[in-house]
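Notes for the one structure printed next.
The values are calculated or read from the model by the stated rules, or taken from the named source; none is laboratory data. None of the values given here were measured: they were computed from a predicted structure. Don't worry about glycine lacking a Cβ; one is built from the backbone with ideal geometry, like all the others, and counts go over all protein chains shown.
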Amino acid sequence: MAFEMVKLPYEMKDLEPYMSEQTFNCHYGKHYKTYVDNLNKAIVGTIFENMSLVDIIVKTAGKPEYTAIFNNAAQAWNHEFFWKSMRKNGGGEPKTELKQRLEKDFGSVEKFKETFKAAAVGQFGSGWAWLVDNGGKLEVMKTANADNPLAHGVKPLLTIDVWEHAYYLDYQNRRADFVDTFLEQLVNW
Ligand code: MN
């Protein structure tokens, strides 16, 4: 059974002016679509054909013979998680329970944002920054290219895509501005 693209949880222009419809046309309509299409092509006739996306990611992670399947499966999942990590009228204060956990494990929400921003800006080249639950403790991690926390047995809670295609049309080379805007205007706590 072929994977289908998930529907965005908002209209493409709902996140303007922070993320443009033009960016979604390219990012959702071309980049994300290509990962889903290539995954579907790559799993035909393999043991992965009827597995869930998460199972495919876990079973192909770190196995050189399955690099193409891992990359496309992980990128499909990462993007689906990223779409949900944002919302119309996002930003503001985290919900009470999350706020308390961020305060416990990072010291404050502001300190979490600083740590998350440093990871997102500090990821050299393409990749992702994440808020994760690592055995009950909240942590920030960054991953390169398609890699993600699931491949390391860690539970993702929030992510930002820092591949250039995620922000170049709206922010050009200013990744730090994109990360600030994500945290203040787009994040779906
Ligand atoms: Mn992307």
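Please pick out the residue among A42, A74 that is at pLDDT 95 or above and either within 12 Å of the ligand (Cβ to nearest atom) or on the phi > 0 side of the Ramachandran plot (or both). Even if it seems obvious, please write down each step before you answer.
Working: A42 fails: either within 12 Å of the ligand (Cβ to nearest atom) or on the phi > 0 side of the Ramachandran plot (or both).
From the options A42, A74, the qualifying one is A74.
Scanning region 11-41 for residues that are aliphatic (A, V, I, L, M) and buried (at least 18 other Cβ atoms within 10 Å of the Cβ) yields L15, M19, V36, L39. Only one entry in A119, A76, A176 is over 26 Å from K13 (Cα atoms) and assigned to a helix (DSSP H, G or I), namely A119. Taking the condition more than 16 Å from the ligand (Cβ to nearest atom) and among the acidic types (D, E), does E97 pass? Here the answer is yes, as E97 does meet what is asked. Flag set for E21, criterion: out of contact with any helix residue (DSSP H, G or I) (no Cβ under 9 Å at 6 or more places or on another chain) and among the charged types (D, E, K, R).
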